[in-house]
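Q: Before we start, here is the structure in question, set down as C-alpha coordinates.
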Amino acid sequence: MYTTETATSIQNGIRSVEKRHHLVAELELLYYRRHELLTANSSFFSLPYTTFLDGFGLYRNSYHSLAGVYITPSSLPLELREKIHNIFVLMLGPFGSNETDISAALQPDCTRMDKGTTIKLLDGSGTKFVRMFCIAHHGDMPQQNKLAGTKSHKADHGCRGCLISKEEFGDLGIDTKAQGRYFFPMYQLRKDLVQIKSKTARDQFSQKVGINSDGPLMASCHPCLDPLYCTPHNPLHAECRICKYFQGCLVEAFGTTGEIAYQLAWEKMELPYKWGRPQNPISHKGSMSFSENARIACLNPFILMRLFNLPGDHFRLSVERELASLLTGTPLPNKTPR
(Lines give C-alpha, C1' and ligand atoms only; values in the text may rest on other atoms or scores of the structure.)
Protein backbone atom coordinates (compact mmCIF):
# COMPACT_ATOMS: atom_id res chain seq x y z
CA MET A 1 0.00 0.00 0.00
CA TYR A 2 1.34 3.45 -0.91
CA THR A 3 0.07 6.99 -1.30
CA THR A 4 0.01 8.72 -4.70
CA GLU A 5 -1.66 12.01 -3.75
CA THR A 6 -1.73 14.28 -0.74
CA ALA A 7 -4.11 17.04 0.33
CA THR A 8 -2.54 20.48 0.75
CA SER A 9 -5.35 22.91 1.59
CA ILE A 10 -8.95 23.66 0.75
CA GLN A 11 -7.89 26.27 -1.82
CA ASN A 12 -5.12 24.26 -3.53
CA GLY A 13 -6.92 20.91 -3.46
CA ILE A 14 -4.89 17.74 -3.99
CA ARG A 15 -1.48 17.37 -5.64
CA SER A 16 0.87 14.49 -6.32
CA VAL A 17 2.77 13.15 -3.32
CA GLU A 18 6.07 13.66 -5.13
CA LYS A 19 5.46 17.42 -4.89
CA ARG A 20 6.56 17.77 -1.31
CA HIS A 21 9.79 18.53 0.50
CA HIS A 22 11.36 15.41 1.96
CA LEU A 23 12.92 14.97 5.37
CA VAL A 24 16.68 14.53 5.59
CA ALA A 25 16.06 11.08 7.12
CA GLU A 26 14.23 9.99 3.95
CA LEU A 27 17.12 11.10 1.75
CA GLU A 28 19.65 9.45 4.07
CA LEU A 29 17.72 6.20 3.76
CA LEU A 30 17.73 6.58 0.00
CA TYR A 31 21.48 7.29 -0.18
CA TYR A 32 22.97 5.02 2.53
CA ARG A 33 20.36 2.24 2.36
CA ARG A 34 18.70 0.64 5.36
CA HIS A 35 21.35 -2.00 6.09
CA GLU A 36 24.18 0.55 6.42
CA LEU A 37 22.14 2.72 8.77
CA LEU A 38 21.12 -0.22 10.97
CA THR A 39 24.69 -1.49 11.28
CA ALA A 40 26.25 1.95 11.90
CA ASN A 41 27.57 3.02 15.30
CA SER A 42 24.54 4.08 17.34
CA SER A 43 26.57 5.90 20.03
CA PHE A 44 28.06 9.12 18.69
CA PHE A 45 28.32 12.89 19.11
CA SER A 46 26.20 14.85 16.66
CA LEU A 47 27.72 18.11 15.37
CA PRO A 48 25.41 19.76 12.81
CA TYR A 49 26.63 22.88 11.04
CA THR A 50 25.69 25.37 8.35
CA THR A 51 27.93 26.48 5.50
CA PHE A 52 28.45 29.84 3.85
CA LEU A 53 30.06 30.04 0.42
CA ASP A 54 30.68 33.33 -1.35
CA GLY A 55 33.33 35.52 -2.92
CA PHE A 56 34.89 38.48 -1.17
CA GLY A 57 37.22 41.30 -2.15
CA LEU A 58 40.82 40.67 -1.15
CA TYR A 59 41.82 44.34 -1.02
CA ARG A 60 38.63 45.95 0.27
CA ASN A 61 37.11 46.06 -3.20
CA SER A 62 35.66 43.62 -5.69
CA TYR A 63 38.38 43.86 -8.34
CA HIS A 64 40.12 40.68 -7.09
CA SER A 65 37.88 38.25 -5.24
CA LEU A 66 38.47 34.94 -3.50
CA ALA A 67 35.94 32.20 -2.82
CA GLY A 68 35.55 31.38 0.86
CA VAL A 69 33.79 28.42 2.46
CA TYR A 70 32.86 28.85 6.13
CA ILE A 71 31.07 26.64 8.63
CA THR A 72 29.18 27.58 11.80
CA PRO A 73 28.06 25.04 14.45
CA SER A 74 24.27 25.18 14.36
CA SER A 75 23.84 23.66 17.82
CA LEU A 76 25.03 26.91 19.44
CA PRO A 77 22.56 29.58 20.59
CA LEU A 78 21.97 32.48 18.24
CA GLU A 79 24.10 34.95 20.20
CA LEU A 80 27.07 32.55 20.00
CA ARG A 81 26.57 31.72 16.32
CA GLU A 82 26.91 35.43 15.56
CA LYS A 83 30.34 35.62 17.22
CA ILE A 84 33.18 35.73 14.73
CA HIS A 85 35.29 33.22 16.67
CA ASN A 86 32.55 30.59 16.12
CA ILE A 87 32.72 30.95 12.32
CA PHE A 88 35.44 28.67 10.98
CA VAL A 89 37.17 28.95 7.63
CA LEU A 90 36.89 25.62 5.87
CA MET A 91 38.61 26.58 2.63
CA LEU A 92 39.77 29.58 0.59
CA GLY A 93 39.70 29.20 -3.16
CA PRO A 94 42.44 31.11 -5.03
CA PHE A 95 41.63 34.01 -7.33
CA GLY A 96 40.13 32.79 -10.59
CA SER A 97 39.47 29.28 -9.29
CA ASN A 98 36.47 27.24 -10.39
CA GLU A 99 33.77 26.67 -7.76
CA THR A 100 33.33 23.13 -9.05
CA ASP A 101 36.98 22.43 -8.19
CA ILE A 102 36.41 23.74 -4.66
CA SER A 103 33.46 21.38 -4.23
CA ALA A 104 35.50 18.45 -5.56
CA ALA A 105 38.35 19.23 -3.14
CA LEU A 106 35.98 19.28 -0.15
CA GLN A 107 34.03 16.18 -1.15
CA PRO A 108 36.22 13.42 0.44
CA ASP A 109 36.43 15.06 3.88
CA CYS A 110 32.78 16.16 3.93
CA THR A 111 31.61 12.64 3.04
CA ARG A 112 33.84 11.09 5.71
CA MET A 113 32.57 13.45 8.41
CA ASP A 114 28.98 12.91 7.30
CA LYS A 115 29.32 9.15 7.73
CA GLY A 116 31.16 9.60 11.01
CA THR A 117 34.73 9.24 12.22
CA THR A 118 36.57 8.43 15.44
CA ILE A 119 38.56 11.27 17.01
CA LYS A 120 40.93 11.42 19.97
CA LEU A 121 39.99 13.72 22.83
CA LEU A 122 42.52 16.39 23.74
CA ASP A 123 42.45 15.53 27.44
CA GLY A 124 43.61 11.99 26.66
CA SER A 125 40.50 10.37 28.12
CA GLY A 126 39.89 8.24 25.06
CA THR A 127 38.12 8.49 21.71
CA LYS A 128 34.64 9.44 20.55
CA PHE A 129 32.70 8.65 17.41
CA VAL A 130 31.55 11.95 15.85
CA ARG A 131 29.16 12.61 13.00
CA MET A 132 29.48 16.12 11.56
CA PHE A 133 26.92 16.98 8.90
CA CYS A 134 25.55 20.04 7.11
CA ILE A 135 21.91 21.06 7.55
CA ALA A 136 21.73 24.21 5.37
CA HIS A 137 23.69 26.49 3.04
CA HIS A 138 23.80 30.26 3.35
CA GLY A 139 24.73 32.84 0.75
CA ASP A 140 23.43 35.59 -1.48
CA MET A 141 20.86 35.00 -4.21
CA PRO A 142 23.23 34.12 -7.12
CA GLN A 143 25.25 31.77 -4.92
CA GLN A 144 22.17 30.09 -3.49
CA ASN A 145 20.89 29.42 -7.00
CA LYS A 146 24.20 27.74 -7.85
CA LEU A 147 23.95 25.63 -4.70
CA ALA A 148 20.38 24.67 -5.62
CA GLY A 149 21.38 23.82 -9.19
CA THR A 150 19.03 26.35 -10.79
CA LYS A 151 19.61 29.11 -13.29
CA SER A 152 20.54 32.63 -12.23
CA HIS A 153 17.84 34.83 -10.73
CA LYS A 154 17.97 36.89 -13.94
CA ALA A 155 17.03 33.92 -16.15
CA ASP A 156 13.56 33.27 -17.60
CA HIS A 157 12.95 30.65 -14.86
CA GLY A 158 15.33 31.91 -12.20
CA CYS A 159 13.33 31.17 -9.05
CA ARG A 160 14.75 28.23 -7.12
CA GLY A 161 11.45 27.70 -5.31
CA CYS A 162 9.06 27.38 -8.24
CA LEU A 163 8.89 27.02 -12.02
CA ILE A 164 7.10 30.27 -12.92
CA SER A 165 8.69 32.62 -15.44
CA LYS A 166 10.07 36.06 -14.62
CA GLU A 167 7.07 37.69 -16.34
CA GLU A 168 4.84 36.12 -13.65
CA PHE A 169 6.90 37.20 -10.63
CA GLY A 170 4.49 40.00 -9.75
CA ASP A 171 1.37 37.82 -9.94
CA LEU A 172 0.40 36.97 -6.35
CA GLY A 173 -2.42 34.69 -7.47
CA ILE A 174 -0.18 31.97 -8.90
CA ASP A 175 -0.17 28.67 -7.01
CA THR A 176 3.56 28.36 -6.28
CA LYS A 177 3.00 25.08 -4.42
CA ALA A 178 1.54 23.35 -7.46
CA GLN A 179 4.29 24.81 -9.66
CA GLY A 180 7.02 24.41 -7.07
CA ARG A 181 10.40 22.73 -7.43
CA TYR A 182 10.69 19.47 -5.52
CA PHE A 183 13.48 16.94 -5.09
CA PHE A 184 12.31 13.96 -7.15
CA PRO A 185 10.76 15.89 -10.08
CA MET A 186 13.99 17.91 -10.39
CA TYR A 187 16.02 14.72 -10.07
CA GLN A 188 14.09 13.21 -12.97
CA LEU A 189 14.57 16.37 -15.06
CA ARG A 190 18.33 16.10 -14.53
CA LYS A 191 18.29 12.48 -15.65
CA ASP A 192 16.41 13.55 -18.79
CA LEU A 193 18.95 16.34 -19.35
CA VAL A 194 21.91 13.94 -19.19
CA GLN A 195 20.35 11.68 -21.82
CA ILE A 196 20.15 14.51 -24.38
CA LYS A 197 23.13 14.17 -26.72
CA SER A 198 23.03 17.49 -28.55
CA LYS A 199 24.57 20.43 -26.65
CA THR A 200 22.13 22.87 -28.26
CA ALA A 201 19.17 20.71 -27.24
CA ARG A 202 20.59 20.40 -23.70
CA ASP A 203 20.95 24.17 -23.40
CA GLN A 204 17.40 24.70 -24.64
CA PHE A 205 16.01 22.11 -22.23
CA SER A 206 17.92 23.51 -19.24
CA GLN A 207 16.80 27.03 -20.13
CA LYS A 208 13.17 25.88 -20.37
CA VAL A 209 13.08 24.24 -16.93
CA GLY A 210 15.56 26.61 -15.29
CA ILE A 211 18.25 24.16 -14.14
CA ASN A 212 22.02 24.12 -14.56
CA SER A 213 23.61 21.38 -16.60
CA ASP A 214 26.31 20.93 -13.92
CA GLY A 215 23.80 20.25 -11.13
CA PRO A 216 23.83 21.60 -7.55
CA LEU A 217 27.23 22.94 -6.57
CA MET A 218 27.78 21.11 -3.26
CA ALA A 219 25.64 18.02 -3.97
CA SER A 220 28.68 15.71 -3.97
CA CYS A 221 29.74 16.99 -0.52
CA HIS A 222 26.29 16.70 1.08
CA PRO A 223 24.32 14.08 -0.87
CA CYS A 224 21.60 13.74 1.79
CA LEU A 225 20.44 17.34 1.55
CA ASP A 226 17.64 18.55 -0.67
CA PRO A 227 19.47 21.35 -2.56
CA LEU A 228 16.20 23.19 -3.17
CA TYR A 229 15.09 23.16 0.44
CA CYS A 230 18.39 23.68 2.29
CA THR A 231 19.18 27.01 0.57
CA PRO A 232 17.00 29.53 2.44
CA HIS A 233 16.49 33.04 1.14
CA ASN A 234 18.66 35.81 2.59
CA PRO A 235 16.76 39.10 2.91
CA LEU A 236 19.88 41.01 4.01
CA HIS A 237 21.63 40.48 0.69
CA ALA A 238 18.48 41.45 -1.20
CA GLU A 239 18.12 44.70 0.75
CA CYS A 240 21.82 45.55 0.40
CA ARG A 241 21.61 44.94 -3.33
CA ILE A 242 18.66 47.35 -3.48
CA CYS A 243 20.85 49.87 -1.63
CA LYS A 244 23.51 49.38 -4.30
CA TYR A 245 21.02 50.03 -7.11
CA PHE A 246 19.58 53.06 -5.31
CA GLN A 247 23.05 54.53 -4.87
CA GLY A 248 23.77 54.12 -8.58
CA CYS A 249 20.48 55.77 -9.55
CA LEU A 250 21.08 58.60 -7.09
CA VAL A 251 24.53 59.42 -8.46
CA GLU A 252 23.29 59.10 -12.03
CA ALA A 253 20.43 61.54 -11.38
CA PHE A 254 22.75 64.18 -9.91
CA GLY A 255 24.80 64.71 -13.04
CA THR A 256 28.34 66.08 -13.12
CA THR A 257 27.66 69.06 -10.86
CA GLY A 258 25.76 66.94 -8.40
CA GLU A 259 28.55 64.39 -8.18
CA ILE A 260 30.97 67.13 -7.13
CA ALA A 261 28.53 68.46 -4.54
CA TYR A 262 27.78 64.97 -3.24
CA GLN A 263 31.48 64.16 -2.91
CA LEU A 264 32.17 67.37 -0.98
CA ALA A 265 29.28 66.64 1.39
CA TRP A 266 30.47 63.04 1.76
CA GLU A 267 33.97 64.09 2.77
CA LYS A 268 32.61 66.37 5.51
CA MET A 269 30.14 63.82 6.85
CA GLU A 270 30.66 62.61 10.44
CA LEU A 271 30.43 58.86 10.97
CA PRO A 272 28.85 56.98 13.89
CA TYR A 273 31.07 55.65 16.64
CA LYS A 274 33.28 52.68 15.62
CA TRP A 275 32.27 52.93 11.98
CA GLY A 276 35.07 52.61 9.48
CA ARG A 277 34.78 55.09 6.64
CA PRO A 278 33.44 53.35 3.51
CA GLN A 279 35.08 53.85 0.15
CA ASN A 280 34.27 56.97 -1.81
CA PRO A 281 30.87 56.23 -3.43
CA ILE A 282 31.76 58.32 -6.50
CA SER A 283 35.24 57.07 -7.41
CA HIS A 284 34.50 53.46 -6.34
CA LYS A 285 30.88 53.10 -7.46
CA GLY A 286 30.05 49.54 -8.46
CA SER A 287 32.98 47.97 -6.60
CA MET A 288 31.94 48.37 -2.96
CA SER A 289 30.96 45.54 -0.64
CA PHE A 290 27.40 44.94 0.55
CA SER A 291 28.17 46.24 4.03
CA GLU A 292 29.54 49.48 2.57
CA ASN A 293 26.44 49.92 0.41
CA ALA A 294 24.26 49.42 3.49
CA ARG A 295 26.24 52.00 5.50
CA ILE A 296 26.08 54.52 2.66
CA ALA A 297 22.30 53.99 2.47
CA CYS A 298 22.10 54.87 6.18
CA LEU A 299 24.21 58.00 5.65
CA ASN A 300 22.52 59.21 2.46
CA PRO A 301 19.54 60.96 4.15
CA PHE A 302 21.92 63.08 6.23
CA ILE A 303 24.17 63.81 3.25
CA LEU A 304 21.17 64.90 1.18
CA MET A 305 19.84 67.09 3.98
CA ARG A 306 23.22 68.79 4.21
CA LEU A 307 23.40 69.06 0.43
CA PHE A 308 20.02 70.72 -0.02
CA ASN A 309 19.93 72.84 3.15
CA LEU A 310 22.99 75.02 2.57
CA PRO A 311 21.59 78.51 1.77
CA GLY A 312 23.18 80.27 -1.17
CA ASP A 313 25.26 77.25 -2.16
CA HIS A 314 25.69 77.26 -5.94
CA PHE A 315 26.14 73.46 -5.89
CA ARG A 316 22.71 73.07 -4.29
CA LEU A 317 21.11 75.38 -6.86
CA SER A 318 22.80 73.54 -9.74
CA VAL A 319 21.66 70.17 -8.42
CA GLU A 320 18.10 71.42 -7.99
CA ARG A 321 18.08 72.67 -11.60
CA GLU A 322 19.46 69.36 -12.91
CA LEU A 323 16.94 67.31 -10.93
CA ALA A 324 14.10 69.53 -12.14
CA SER A 325 15.31 69.10 -15.71
CA LEU A 326 15.50 65.34 -15.26
CA LEU A 327 11.95 65.12 -13.88
CA THR A 328 10.34 67.46 -16.44
CA GLY A 329 12.39 66.46 -19.46
CA THR A 330 13.39 70.09 -20.15
CA PRO A 331 17.02 70.43 -21.31
CA LEU A 332 19.28 72.80 -19.40
CA PRO A 333 21.04 75.61 -21.31
CA ASN A 334 24.81 75.16 -21.54
CA LYS A 335 24.70 71.93 -19.53
CA THR A 336 28.12 70.54 -18.72
CA PRO A 337 28.59 67.28 -20.73
CA ARG A 338 29.15 64.12 -18.72
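Q: What is the residue count in segment 86-101 for residues that are part of a helix (DSSP H, G or I) and modelled with pLDDT under 85? Before the answer, list the steps.
A: Within segment 86-101, the first condition is being part of a helix (DSSP H, G or I), and the residues that meet it are 86, 99-101.
Filter once more, so that each one left must be modelled with pLDDT under 85: 99-101.
Residues in segment 86-101 being part of a helix (DSSP H, G or I) and modelled with pLDDT under 85: 3 in total.
Q: Conditions: (1) farther than 17 Å from F302 by Cβ; (2) free of Cβ contacts under 8 Å to residues at least 12 places away in the same chain; (3) of a type in the set (S, T, Y). Y273 meets all but one. Number of the miss?
A: Only one criterion in (1) farther than 17 Å from F302 by Cβ; (2) free of Cβ contacts under 8 Å to residues at least 12 places away in the same chain; (3) of a type in the set (S, T, Y) is unmet by Y273, namely (1).
Q: Condition first: among the small types (G, A, S), at positive phi and part of a loop (DSSP other than H, G, I, E, B). Now tell me which residues in segment 246-293 satisfy that.
A: At the first step, the residues of segment 246-293 found to be among the small types (G, A, S) are 248, 253, 255, 258, 261, 265, 276, 283, 286-287, 289, 291.
Within this subset, residues satisfying the condition of being at positive phi are 255, 286.
Passing the criteria: only G286.
Q: Would you mind telling me which numbered condition in (1) surrounded by 14 or more Cβ atoms within 10 Å (Cβ to Cβ); (2) without any contact (Cβ under 8 Å) to a residue 12 or more places away in the chain; (3) farther than 16 Å from M218 by Cα G116 fails?
A: Condition not satisfied by G116: (2).
Q: Might you let me know whether segment 308-318 holds any residue that is on the phi < 0 side of the Ramachandran plot, touching a helix residue (DSSP H, G or I) at 6+ places or on another chain (Cβ under 6 Å), at pLDDT below 80 and in a loop (DSSP other than H, G, I, E, B)?
A: Checked against the condition, which is being on the phi < 0 side of the Ramachandran plot, touching a helix residue (DSSP H, G or I) at 6+ places or on another chain (Cβ under 6 Å), at pLDDT below 80 and in a loop (DSSP other than H, G, I, E, B), segment 308-318 yields at least one hit.
Q: Scan segment 144-166 and tell me whether some residue there is over 26 Å from L66 (Cβ atoms), touching a strand residue (DSSP E or B) at 6+ places or on another chain (Cβ under 6 Å) and free of Cβ contacts under 8 Å to residues at least 24 places away in the same chain.
A: Scanning segment 144-166 turns up at least one residue that is over 26 Å from L66 (Cβ atoms), touching a strand residue (DSSP E or B) at 6+ places or on another chain (Cβ under 6 Å) and free of Cβ contacts under 8 Å to residues at least 24 places away in the same chain.
Residue-by-condition table, conditions (1) loosely packed, with under 13 Cβ neighbours inside 10 Å; (2) closer than 30 Å to I135 by Cβ:
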site	(1), (2)
G215	no, yes
V251	no, no
I260	no, no
L271	yes, no
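Q: Additional query: Give me the pairs: first residue in segment 64-93 and in the same structural domain as L47 (by TED's automatic domain parsing) and within 30 Å of H284 (Cβ to Cβ), second residue modelled with pLDDT under 85 and in a loop (DSSP other than H, G, I, E, B), beta-carbon distance under 8 Å, and six or more apart or on different chains, which are they?
A: H64/L58; H64/F95; S65/L58; S65/F95; L66/L58; L66/P94; L66/F95; A67/S97
The values are calculated or read from the model by the stated rules, or taken from the named source; none is laboratory data. Not measured: the values here are computed from a predicted model. When we count neighbours, we look across all protein chains shown, and the Cβ atoms used for this are built from the backbone with ideal geometry, even at glycine.
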